[in-house]
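Heads up: the structure comes next, in structure tokens.
The values are calculated or read from the model by the stated rules, or taken from the named source; none is laboratory data. Not measured: the values here are computed from a predicted model. Neighbour counts are summed over all protein chains in view; Cβ atoms, including those assigned to glycine, are modelled from backbone coordinates with ideal geometry. These area figures cover heavy atoms from the full protein model, side chains too; ligands, DNA and RNA do not enter into them. Shrake-Rupley method; radii C 1.70, N 1.55, O 1.52, S 1.80 Å.
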Amino acid sequence: MAAKSLFQSPNLKHVSFLKSDQTLVLPHVVSLPNSKNTPKRLVVSSSSTSSSSAVLAPHVLTSLVASPPVSRAQAPLAKVWREIQGCNNWKDLIEPTLNHLLQQEITRYGNLVSACYKAFDLNPNSKRYLNCKYGKQTLLQETGVDQPEEYQVTKYIYATPDINISISPIQNKANRGGRWVGYVAVSSDESVKRLGRGDIVVTFRGTVTNPEWVTNFMSSLAPARFDPHNARPEVKVESGFLSLYTSDESESKFGLESCRQQLLSEISRLVNKYKGEDMSITLAGHSMGSSLAHLLAYDIAELGLNRRMGERDVPITVFSFAGPRVGNLGFKKRCEELGVKVLRITNVNDPITKLPGVLFNENFRVLGGFYELPWSCSCYAHVGVQLTLDFFDVQNISCVHDLGTYIDLLNRRRINSRSADSDKDKDNDNFSLEFLKGEGENMMFLKGQRMVHWTNVVDLLSSVSDHMLYCNIF
């Protein structure tokens with residue numbers, strides 16, 4: 001193994017966070033205050049397993065070490081759940097320090113998404129091939145979700161990629177048709193007291209099978225047209241994600257309904273079942289699953305399934321892990337009008353979060369900050385508030401997109417108080433070095449040497465071999 005190199009990053013300001021508009025950059029750091037109240041900053045790479053199975057079955061840690069909570073965060077989740085779900089767009093919950101309740105909730109939903117990978121059967125000789133290995137009653141327990149009794153799985157969700165490519169191994173008889181992509185769950189009676197409301201959860205895994213990543217290449221924009229009474233042709237989404245969401249097995253007499261039909265019917269049933277109670281609808285997904293979560297959130301809100309006569313609307317929140325762009329500016333604006341809240345957890349070195357629309361996106365639609373370019377309606381745009389991590393492992397490039405690494409770094413991020421106490425500084429220095437040694441980090445950055453900006457490495461790999469990268473980690 002190459003010797004570790006130690007140097008300080010000259011490209012980043014020596015503050016705990018880097019902020020741009022609604023984007024907050026949270027590098028994987030240990031913040032070390034010195035005697036002059038100027039926090040030092042160690043930027044480190046992630047330590048992720050190099051096995052290919054890590055992407056399919058990420059290991060998500062459940063132990064949490066959060067930053068010191070602000071005064072509002074001292075309230076229990078039951079009292080502030082609407083803020084945690086984004087009713088104020090996570091104002092004061094992400095900066096100056098990440099709220100410990102929000103961190104716990106992000107981790108909890110990340111665990112629920114991770115269960116989709118762990119339970120997905122990829123053994124071609126298995127009777128459950130491309131389906132879930134476990135029954136609904138035991139899924140959360142079998143996949144190691146912390147406190148599995150908090151949720152009851154009510155429905156499994158299947159999606160059918162609408163592609164017609166008779167080329168093995170892209171598509172053959174074994175992998176043709178619908179495959180399991182996630183599940184719907186509802187909070188148990190016991191967990192309602194802690195959560196402060198009933199919670200309907202829908203989780204989606206990312207791309208695993210060959211037909212699924214083929215749909216990811218279908219990057220043209222197409223009108224969503226979810227509302228039968230108002231087509232809204234200006235609201236456009238990526239055609240591949242739309243196909244995966246709306247395609248069914250209509251050619252078969254006993255074929256599956258579309259992913260959309262399965263989800264809307266189950267969401268409607270659960271909302272009606274718990275009418276009159278405080279409820280939330282939480283959608284969580286990784287990579288491609290994040291895109292499905294976006295589409296479902298918009299669909300529910302556009303159809304008004306979360307509206308209640310004489311009561312407050314049921315809030316809809318998306319927790320997106322390493323998600324790509326989903327739609328155009330019209331899609332973004334309509335989601336905001338409908339009150340859909342999206343928190344995107346991204347890694348600055350993850351190329352998938354920059355797709356589609358690498359060139360023409362929300363950053364290239366206005367000239368000089370005033371004149372909106374003619375093609376702006378055809379530009380992809382991210383939705384919601386962004387929480388950005390910064391990690392890279394040169395020995396395991398796929399870690400930049402790995403769900404387990406995302407959650408691991410959120411859990412292990414330490415934010416120290418900005419005290420000038422020299423004894424505490426010394427303790428923090430010792431702790432940070434022990435932490436890095438214990439984690440087996442491959443790279444650290446210290447003063448006196450030049451930093452290699454790993455974003456450039458990923459961009460280079462992406463441009464040289466975008467096809468291979470996309471297939472392996474999307």
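Going by the structure shown, is Gly144 open to solvent by 50 Å² or more (accessible area, probe 1.4 Å), under 21 Å from His286 (Cα atoms), at pLDDT 95 or above and part of a loop (DSSP other than H, G, I, E, B)? Steps first, answer last, please.
Numbers: open to solvent by 50 Å² or more (accessible area, probe 1.4 Å): yes; under 21 Å from His286 (Cα atoms): yes; at pLDDT 95 or above: yes; part of a loop (DSSP other than H, G, I, E, B): yes.
Considered against the rule, which asks whether it is open to solvent by 50 Å² or more (accessible area, probe 1.4 Å), under 21 Å from His286 (Cα atoms), at pLDDT 95 or above and part of a loop (DSSP other than H, G, I, E, B), Gly144 comes out as yes.
Out of the residues in the range 322-339 that are surrounded by fewer than 24 Cβ atoms within 10 Å (Cβ to Cβ) and among the hydrophobic types (A, V, I, L, M, F, W, C), state the one that is modelled with the lowest pLDDT.
Leu329
Looking at (1) at pLDDT below 95; (2) over 20 Å from Arg325 (Cα atoms); (3) touching a Ser or Thr at 6+ places or on another chain (Cβ under 7 Å), can you tell me which one Asn216 breaks?
(2)
Starting from residues that are assigned to a helix (DSSP H, G or I) and open to solvent by less than 10 Å² (accessible area, probe 1.4 Å), keep the ones in the range 272-293 and report whichever is farthest from Val208 (Cα to Cα).
Looking at residues that are assigned to a helix (DSSP H, G or I) and open to solvent by less than 10 Å² (accessible area, probe 1.4 Å), I get Ala293.
Note down all Cβ pairs under 7 Å where the first residue falls in the range 234-263 and is more than 17 Å from Trp180 (Cα to Cα) and open to solvent by less than 20 Å² (accessible area, probe 1.4 Å), the second is among the polar types (S, T, N, Q) and at pLDDT below 90, and they're at least six residues apart or on different chains.
Correct list of pairs: Glu238/Ser219; Gly240/Thr215; Gly240/Asn216; Gly240/Ser219.
Keeping to the range 235-250, report how many residues are assigned to a loop (DSSP other than H, G, I, E, B) and in contact with a strand residue (DSSP E or B) (Cβ under 8 Å, 6 or more places away or on another chain).
2
Inspect all residues belonging to the range 295-318 and state whether any of them is open to solvent by less than 10 Å² (accessible area, probe 1.4 Å) and more than 29 Å from Cys379 (Cβ to Cβ).
Yes: one or more hits.
Is it the case, given these coordinates, that Tyr380 is among the aromatic types (Phe, Trp, Tyr) and either surrounded by 18 or more Cβ atoms within 10 Å (Cβ to Cβ) or modelled with pLDDT of 95 or more (or both)?
yes
Return yes when Arg197 is open to solvent by 20 Å² or more (accessible area, probe 1.4 Å) and modelled with pLDDT of 95 or more and no when it is not.
For Arg197, the condition - open to solvent by 20 Å² or more (accessible area, probe 1.4 Å) and modelled with pLDDT of 95 or more - is not met.
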